[in-house]
Structure formats: C-alpha cells, structure tokens
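Below is one structure, written out as structure tokens; the observations come after it.
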C-alpha cells in the first residue's frame, strides 16, 4: 500500500464511534507502520455516532479528493419509530412527546413518500453541526436554547419502503450530500399526522463505495500492519509532512 501517494479505504464505522474516532485509529496504525509521528488522514462525509456503515477514509495526497468523494450520492437504510419524537429526532435524547399512530397504514406511508423525493427543501435538525452565528447548532440545542435554521435544497433520488411492521418503519434512501435523515424522519412523522424518531441508521453506499466492500476497523488496522509498503519517488522529501 502506498499511503503517501494516497489510499482510499472504505470502513464500516461501528455504532457509538465518531467519524474522528475511526480516522484516529487508522491514522495511528499508519503512523506505527511508517514509523512517523504525524501523518495526514481524513474522512469524506461525517457519520453521527449512532449511525453505522460506509465511512471513506483518505490518506496522504488522496485527502485532496475528500470534497469530490463526499459529494457522491449516499444510500441509507433507516429504521423509524412512529408515534413518538425526541428533541434530536434520534436516540441521542429521550422521548419528549407521544402521538397517535394507529391510524397509519402501509398504504398511507406509500402515499406520502413521493412528497419527499426529487428536489426538496429541508430544515436541518437543531441537533446538527450547522453553524448559527459562528457556533454549531447542537451547542445551542444542548443548552436548551432555541435557534432558527433555514431550509436548504437537496435531492432525494429514491425513497423506498422496505418490509416493515408498523409502528416501526424501514426505509431505503438514496440522496445527495447534505441530507439529514433525522430531519426526513421528523417530516415523515408530521406528514403522517403523528411523530417519529430515528432508531437505526446504516449508510450502505457513498458514491461507488458499498458497504459490502468495506472493512471493519480491526480488519483495516490488520491490513495496514501487515501490508507490503510502497513509496513515491519523492518519499524522503514528503515524509515529515505527508
């Protein structure tokens, strides 16, 4: 592997890890393998700690490709619980309100899903990294402060209902960069005259990188530790600032 010129590694991010946790683990393995104290490693497209799935990690000069990679189409499989909301619209926070859900049928779900496909406007959740007056929105939200976020344009190419047993709803979502599945969950709950929050989220694809092609963090570390190393011709010149 040529970590200097750059490797693009697909990782299946574990539940509970931040994207930075995964990057830190991979960076540490590369630093040990190359016997260097610093090394450039980054990721393309952040995943929340409560989400799992495809996280693209770039090394060395391939970090220049991060913007291009994170602009790729994303695919997710989401499990949504109808009938209750949380402030974060996922399991990061406790249920704050409950709503009727007995009136919801599979046909009703299929009827409203087209409202959320194509070019749409979406208001990000307050528990998000969107900046408000120079600070992340979630910092205000965690202090109980109200913030007003503006709707942003995005594209949802596909929105498919997978086999579900209501009030648990399972969806496959193909969408553009910047889509908040938690916000989509919120809006679907409201469209069904109920509430909803996200309970499980797995990113199954980023661009051409699919979950089936990804390594676990442990597999990636093992591969890095045992791989045959190759280097660019100017390795000595770039070793200290790769």
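Bear in mind these aren't lab numbers, they're just calculated from the coordinates by the rules spelled out. Keep in mind the model is a prediction, meaning the values are calculated, not measured. In this analysis, Cβ positions are derived from the backbone assuming ideal geometry, glycine residues included, and neighbour counts consider all displayed protein chains.
Put simply, when 47-58, 13-24, 219-230 are sorted by average Cβ atoms within 10 angstrom per residue, most first, you get 47-58, 13-24, 219-230. Estimated purely from DSSP H runs of n ≥ 4, each contributing -39500 (n - 2.57), the mean residue ellipticity at 222 nm for the chain is -6500 deg cm²/dmol once divided by its residues.
Given a Förster radius of 45 Å and the C-beta distance between residue 191 and residue 223 as r, what FRET efficiency does 1/(1 + (r/R0)^6) yield to the nearest 0.05? E between residue 191 and residue 223, to the nearest 0.05, is 0.50.
You can think of it this way: the chain between residue 123 and residue 21 has 33.9 nm of extra reach, that is 0.36 nm per residue less the Cα-Cα gap. Of 186, 61, the sequence from fewest to most neighbouring Cβ atoms within 10 angstrom is 61, 186. All C-alpha to C-alpha distances of the chain, sorted into 10 Å bins beginning at zero, yield P(r) values of 7, 28, 31, 20, 10, 3, 0 percent in whole numbers. Between helix 217-226 and the chain there is an angle of about 10 degrees, using the helix long axis and the longest principal axis of the Cα atoms.
With the alpha-carbon atoms of region 74-206 aligned to their principal axes, the span from lowest to highest coordinate is 43, 32, 22 Å, starting with the largest.
With respect to the chain, whose longest principal axis is taken over its alpha-carbon atoms, helix 181-191 is tilted by about 10°. The order of the peptides 172-179, 200-207 by mean Cβ neighbours within 10 Å, most packed first, is 200-207, 172-179.
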